[in-house]
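Novice: Below you will find the structure I want to go over with you.
Coordinate-derived values only; no laboratory data. Note that the structure is predicted; figures quoted are calculated from it, not measured. Cβ placement follows ideal geometry from the backbone for every residue including glycine, while neighbour counts extend to all protein chains displayed.
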Ligand code: TYM
């Protein structure tokens, strides 16, 4: 079984995009070699309210369990509980080139967005892919299940691992991004040319995993389509309809093309998509409510996870520090 690592930021509510693009695949890859992380340090790249950050970190951890991660099988922990992540991140920042980090499309997009919204672009937003590389490399990861938007960061991680290995000798396993076709790019329901992202940016276009199901159905029924009346998967010419087909396909284990069969009108397509999404969300929401009733248990699971993760991370960090020429410390 491949060694798997993936992470998710506790910012805003988890969306249908993060569920279909990532969390469901985390469950599919579950096993003793799978390590999953709520990456709270990554959330700090943009200003956060401390109480909200704490709440959202525990909420996301609870949601990961509700989706089906079994902590007696896989490892689940919070990034800041394992300080090796920030220690290795510095070695990665010094391995990455300035030009390489400048080319990250997510940095360019987010920096532009932050600049216009609040006039503040943090240094962390720029160096964040080095922290993400550290996250992945600490666990000798072979496969990284992610949505399409994270592919470039995993490519950079590969480049950094190879560069470090060639400069300092074999130290890191070189990982591969695993982007499954179904649900890899769930788009905004109101603007299907952009990725479904935070609810505050596009309330009508974003579906939260924990959102009230009546509201979920309403949003899908009101999704933007086009003025033709033909149901066909064509993301360029028909982004809205194609997004609905991708969502319907991902929720019913079919390709978007397969999901299109039998529809000639948008009304029935929207209705069935709304029902398919509700059927996926309903049991997750029920499990979430049960787990959220016992927050102490979630915290216990996270501390066991941090201990397990920390043991592996400490060994990899020590190997990298030795290879780069740092003198071993007293511990
Ligand atoms: P984040 O927190 O923005 O997203 C978490 C995961 O959800 C996927 N995703 C989507 N997939 C399909 N359609 C969408 N609309 C959609 N929105 C989000 C993302 O591709 C991702 O897989 N930098 C990462 C977190 C991270 C990480 C890591 C991931 C930190 N360290 C190490 C993997 C390995 C991020 O910001 O993802």
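Novice: Rounded, prolate or oblate: pick one for segment 137-230, where a ≥ b ≥ c are the square roots of the eigenvalues of its C-alpha gyration tensor, a/c under 1.5 means rounded, and failing that, prolate if a/b is larger than b/c, else oblate.
Specialist: Numbers: a/c = 3.63, a/b = 2.78, b/c = 1.30.
Here segment 137-230 falls in the prolate category.
Novice: Given 0.36 nm per residue, what is the gain on full extension from residue 109 to residue 193 after removing their alpha carbon distance, in nm? Write down the numbers at each step before the final one.
Specialist: Details: separation 84, 0.36 × 84 = 30.24 nm, distance 1.45 nm.
My answer for the length gained is 28.8 nm.
Novice: For segment 213-289, what is Rg from Cα atoms divided by 2.2 N^0.38 Å, rounded to two decimals? Can you show the working numbers first?
Specialist: Working: Rg = 12.6 Å, N = 77, 2.2 N^0.38 = 11.5 Å.
For segment 213-289, the normalised Cα radius of gyration comes out at 1.10.
Novice: Below 8 Å between Cα atoms, with a sequence gap of 6+, how large is the relative contact order for the chain in percent? Write out the running numbers ahead of the final one.
Specialist: Numbers: 533 pairs, mean separation 73.4, N = 331.
After rounding, I find 22 percent.
Novice: Relative contact order (percent) for segment 213-289, with alpha-carbon contacts under 8 angstrom and 6 or more residues of separation? Mind dumping the intermediate values first?
Specialist: On the way: 87 pairs, mean separation 25.9, N = 77.
Reported relative contact order: 34 percent.
Novice: Taking Cα pairs under 8 Å and at least six residues apart, what relative contact order does segment 38-186 come out at, in percent? Kindly include the intermediate steps, with their values, before the conclusion.
Specialist: Details: 156 pairs, mean separation 34.2, N = 149.
Over segment 38-186, the number comes to 23 percent.
Novice: Measuring from centroid to centroid over Cα atoms, what is the spacing of segment 273-297 and segment 307-331 in Å?
Specialist: Result: 39 Å between the Cα centres.
Novice: Round to the nearest 10 and give me the degree value, 0 to 90, for the angle of helix 84-93's Cα axis relative to the longest principal axis of the chain.
Specialist: On a 0 to 90 degree scale, this one is about 90.
Novice: For a quick check: sort 324, 284 by the number of other beta carbons within 10 angstrom, fewest at the front.
Specialist: Details: 324 14, 284 19.
Sorted ascending by nearby Cβ count, the order is 324, 284.
Novice: May I pose another question? How do 327, 146 line up, fewest other C-beta atoms within 10 Å first? Numbers along the way, then the final one.
Specialist: Numbers: 327 6, 146 23.
In order of increasing Cβ crowding within 10 Å: 327, 146.
Novice: Sticking with this one: So for 316, 86, 273, 157, fewest C-beta neighbours within 10 Å to most, what's the order?
Specialist: Values: 316 19, 86 13, 273 24, 157 28.
Fewest-to-most ranking of 316, 86, 273, 157: 86, 316, 273, 157.
Novice: Based on the mean of other beta carbon atoms within 10 Å per residue, what is the order of 293-300, 36-43, most packed first? Display every interim value, and only then the final one.
Specialist: On the way: 293-300: 12.1, 36-43: 23.5.
Output ranking for 293-300, 36-43: 36-43, 293-300.
Novice: To the nearest 0.05, what FRET efficiency results for residue 314 and residue 142 with a Förster distance of 22 Å applied to their C-beta separation?
Specialist: 0.65
Novice: Run the quick spin-label model on residue 1 and residue 221: label points 7 Å from Cα toward the beta carbon, then report their separation in nm to one decimal.
Specialist: If labels sit at residue 1 and residue 221, their model points lie 4.3 nm apart.
Novice: Still on this structure: Running a GNM on the chain with Cα contacts under 10 Å, which residue among 29, 253, 13 ends up with the highest mean-square fluctuation?
Specialist: Of the options given, 253 has the highest mean-square fluctuation.
Novice: Nearest 10 degrees is fine. How inclined is helix 239-251 to the longest principal axis of the chain, computing both from alpha carbons?
Specialist: Result, in degrees: 70.
Novice: I'd like the orientation of helix 105-118 relative to the chain: the angle between its Cα long axis and the longest Cα principal axis, in ° from 0 to 90, rounded to 10.
Specialist: That works out to roughly 80 degrees.
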